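Every number here is computed from the coordinates shown, using simple stated rules; none is lab data. The structure displayed is predicted, hence computed values, not measured ones. Heads up, the Cβs are rebuilt from the backbone with ideal geometry, glycines too, and the neighbour counts pull from every protein chain shown.
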Amino acid sequence: MTNRRPRVPGSCPVGFTGRYTIVAGDTLFKIAQRYMINVATLVAANPHITNPDLIYPGDVICVPSAAEIPAGEKITLATTTSAVDTGLLEFLLPRFTAATGYQVEVRSVGSGEALALGEQGKADVLLTHAPEAEKELLNREIITNYQRVMHNDFVIVGPSSDPAKISGTKSATEAFRKIAGSKAPFYSRGDKSGTNQRELEIWSKARIKPSGSWYHKTGKGMAETLLDASAGRGYTLSDRGTYLAMRRNINLQILSEGDPMLLNIYHVMQVNPQKFPNINAEGGRKFVEFMISPETQRIICDFGVTLYGQPLFIPDRIRC
């Protein structure tokens, strides 16, 4: 694609007089959330982008200018990358907006950073999968209305050649010991995310302090870390949902799964308005109610089944 010319709009419609240049890692969903509009509206404003699934760095699109972004009903959601990388939020948020009128600004980061944003009062509501860190904030009354939403599990993935011979190993700690013993490449997110925290728990239980040229800290989200592990023919720990969503783009197999310590639980919670009076407490409360409602739980139950043959997440408020 090095010889292609960036696409530039001839003119921008009313309400979209700003211009934004695409950078690496952008998707129309992420851009739409940044400007608090839905994807369909953004696509309609940019007819020069003939295939919304194909945007490239250097392309220019029309976006609302700062003066055109509604200052009214919006909330800021800080969330784990897996909720975005799997496409779950892209599927759910238009329904939330339609039901409540609230636009959602998504801060897609690791769970550790999402919780830190809550601790700083920079988000109204959080969706994360780091129970121990969450409970610490709950005990300090930084968060409130703490609700379990869904779960999936972590899986240890690697190349089909499996140089560490972990295939079929049920124990996560034993699989990690074999990887360290063989010095096969391992790709850690290294970002204090819920996945990274669980990975470090496994290393600790295995009594190993990973270091050396075989151990790579990406500092990236789950999807990007899977891509790095695939390119490096290495292993990584992934939530099952993101792995399934990325499976067609990587050469990695699930090699170890089923250990009880690989259970991956997601909670939604409000940032406490008594600690941070300027946050949108009502909007945060409505988002929590939306995520645990029977209607949303049924959507979660079905999400991914058509594409992947199994749900990416299991709802915890209803039975599928």
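Listed values, structure above:
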| item | result |
| --- | --- |
| Charge dipole (debye, nearest 20) of region 241-320; +1 at Cβ of Lys and Arg, -1 at Cβ of Asp and Glu | 140 |
| Order of TRP214, TRP203 - criterion: other Cβ atoms within 10 Å of each residue's Cβ, fewest first | TRP214, TRP203 |
| Hydrodynamic radius (Kirkwood) for region 2-155, which is based on Cα pairs only, to one decimal in Å | 17.1 |
| Hits among aspartates and glutamates - C-alpha to C-alpha of LYS165 under 20 Å, sequence gap 8 or more where chains match | GLU174, GLU199, GLU257, ASP259 |
| Cβ-placed point charges (K, R +1; D, E -1), dipole of region 1-152 about Cα centre in debye, nearest 20 | 460 |
| Within the chain, percent of DSSP bridges classed antiparallel, to nearest 5 | 65 |
| Computed FRET value (nearest 0.05) for GLU73 with ARG247, which takes r as the C-beta separation and R₀ as 41 Å | 0.65 |
| Longest site-free stretch - the chain; sites: trypsin sites (Lys or Arg not before Pro), DSSP loop, at most 12 other Cβ within 10 Å | 5-139 |
| For region 1-66 versus region 153-190, the gap between their alpha-carbon centres in whole angstrom | 40 |
| When each of LYS135/LYS275; LYS135/LYS178; LYS135/LYS170; LYS178/LYS217 is checked by Cα-Cα distance, pairs over 21 Å | LYS135/LYS178; LYS135/LYS170 |
| Proximal charge balance of THR86 [Cβ under 13 Å; K/R count +1, D/E count -1] | -1 |
| Furthest towards positive pole of dipole, GLY190, VAL125, PRO57, structure part the chain, Cβ charges | GLY190 |
| Point-charge dipole on Cβ atoms (K/R +1, D/E -1) for the chain, about Cα centre, debye to 20 | 720 |
